[in-house]
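Enquirer: Okay, handing you the structure first.
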Amino acid sequence: MESLQPLWNTFTSTPSSVLIWSLVGFLLVTDVVRRTIRWRRLRHVPGPPLAGWTSLWLTGSFLRGGFLEDYEKLAAKYGPVIRVTPNRVLCSDVDALYRISAVRSPYRKDEWYKVSKVSKHGDHTISLLGPEPRRERKKYIGPAYSGRGGVNFEHGADRALASFIDLIERKYLSTPGHLVSMDFGEKVHYWALDSIGEIAYSSSFGMLDQDRDTYGILAANDGSVGLIKLLSNHTWIWHALHRWPLLYLLPNDGDESGLGAIMGHVRHLVGTRLTAPPQPDMLQSFINHGLRGEDLCQEVGIQFFAGSDTVASLLRTTILLLLTHPSTYRRLQSSLPPPPAAPTDEKEPDRSIIPDAEAKAIPYLRAVIQEGIRLFPPVAMGAFWKEVPAEGDEVCGVRLPGGTVVGTSNGVWVTGRERAFWGGDAGTFRPERW
């Protein structure tokens, strides 16, 4: 230690070193004071002890992949309102969630939504924060999402489903002496994306036809999961990435892979459609209602990601539940109508895919789907944070000051497994409850 004394004297004897140490001390004290003030605002809200001081608990839970299970345990321990970061709480009360998420709720979207941007050049409906800009954008895209203007969701999904069946018959049929394995999770994501292509652009992405991730959409999605989880809980990092000089490190249209390559394809798709004959799809509806330029590209770009993950994950988990519950699987099989005979005339419609109206009329099929959604609600993967209005609010008897951020959609996971409502077998897959 004596050998370090001269070095220490050097760092503490000169005016510049004294100034540096004073500055370091000031910054440390300021940070402690700032964190203490933040901690005091919500000190009455229960939650993990570390959550009152830092966001690291929430980030760690996400990165470990066990956040929803952790949340369920916290809800059982602390109740419906839980503090998970210095300024964020989660809510799992159904009535409160309806009120907070209502159309005319005084709650506003948090900056968390900005992380969903697919390009640094503009915003889509999800990433728009203000109510007026969102209301204006919905005038252009609302008719398409409601199925008006010639858009037929069922026909597009059926065309992709026919391609899915064709892929299985071409490459993945097993015989008694030869077992052929298939990654169902991957293929069902192909189907979800090809369905979006058929519905939104009158043309699939060719994933099922070619049996591959044609535009690298899944690769880009899988490769960004960890980063998105980090940015979602630390939005200051997102803001830093969108400022000079880090802005130039973000994906650019025309990149050979990743998000930049996908946005390059989006711009080509939009540019081609603007000079092509009209089609009965969502893209044409956007155009017909006046959406143009960067706004049009943003709305098309988010479709590549926002819809396919939720649909694919629900199909994966529901099929898994059926495969692990053979009696339920057999009952579902017996509840379905017998397959129709193959058409003898090419002009006859192919009835191998059951129409949507008929599928909805099968009670047990609906019960299986509802039970799958109850246990593994896709929407629960995102918090969808909302900001408490300036005057504050009381949620489940807990007073939340203005500016507090409330997570809404994660609570669906907890409410779907709440024993007080669903009974002692709340964690069991039992479609008969419906």
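What follows draws every value from the coordinates through simple rules; no lab data is involved. Everything numeric in this text was worked out from a predicted model, so none of it was measured. Using ideal geometry, Cβ is built from the backbone for each residue, glycine included, and neighbour counts are taken over all protein chains shown.
Enquirer: Using alpha carbons only, what's the Rg to Rh ratio of the stretch 107-203 with Rh from Kirkwood?
Expert: Radius of gyration over Kirkwood radius for the stretch 107-203 works out to 1.16.
Enquirer: What is the P(r) of the stretch 204-295, as percent of Cα-Cα pairs per 10 Å bin from 0?
Expert: Cα pair-distance distribution for the stretch 204-295, in percent: 14, 32, 34, 18, 2.
Enquirer: Among the lysines, select those whose C-alpha is under 29 Å from the C-alpha of Lys139, and discard any that sit fewer than 8 residues away in the same chain.
Expert: Hits, sequence-local ones excluded: Lys109, Lys114, Lys117, Lys120, Lys386.
Enquirer: Turning to a different aspect of this structure: So, by mean Cβ neighbours within 10 angstrom, what's the order for 76-87, 321-332 with the highest one leading?
Expert: 76-87, 321-332
Enquirer: Only Cα pairs within less than 10 Å get springs; with that Gaussian network setup on the chain, which residue of Phe205, Phe286, Phe184 has the largest fluctuation?
Expert: Among Phe205, Phe286, Phe184, the largest GNM mean-square fluctuation belongs to Phe184.
Enquirer: Mean Kyte-Doolittle of at least -1.0 and a Cα length of 30 Å or more along the axis: which whole DSSP H helices of the chain meet both?
Expert: 15-41
Enquirer: Mind telling me which of His242, His178, His121 comes out most flexible in a GNM of the chain, alpha-carbon contacts under 10 Å?
Expert: His178
Enquirer: Further, regarding this structure: How would you order 292-304, 222-234 from highest to lowest mean count of nearby Cβ atoms within 10 Å?
Expert: Ranking the peptides 292-304, 222-234 by packing returns 292-304, 222-234.
Enquirer: Expressed as a rounded percentage, what relative contact order does the stretch 131-306 have, with Cα pairs under 8 Å and six or more residues apart?
Expert: 27
Enquirer: In whole Å, how far is the Cα centre of the stretch 382-434 from that of the stretch 293-316?
Expert: The two parts, judged by their Cα centres, are 25 Å apart.
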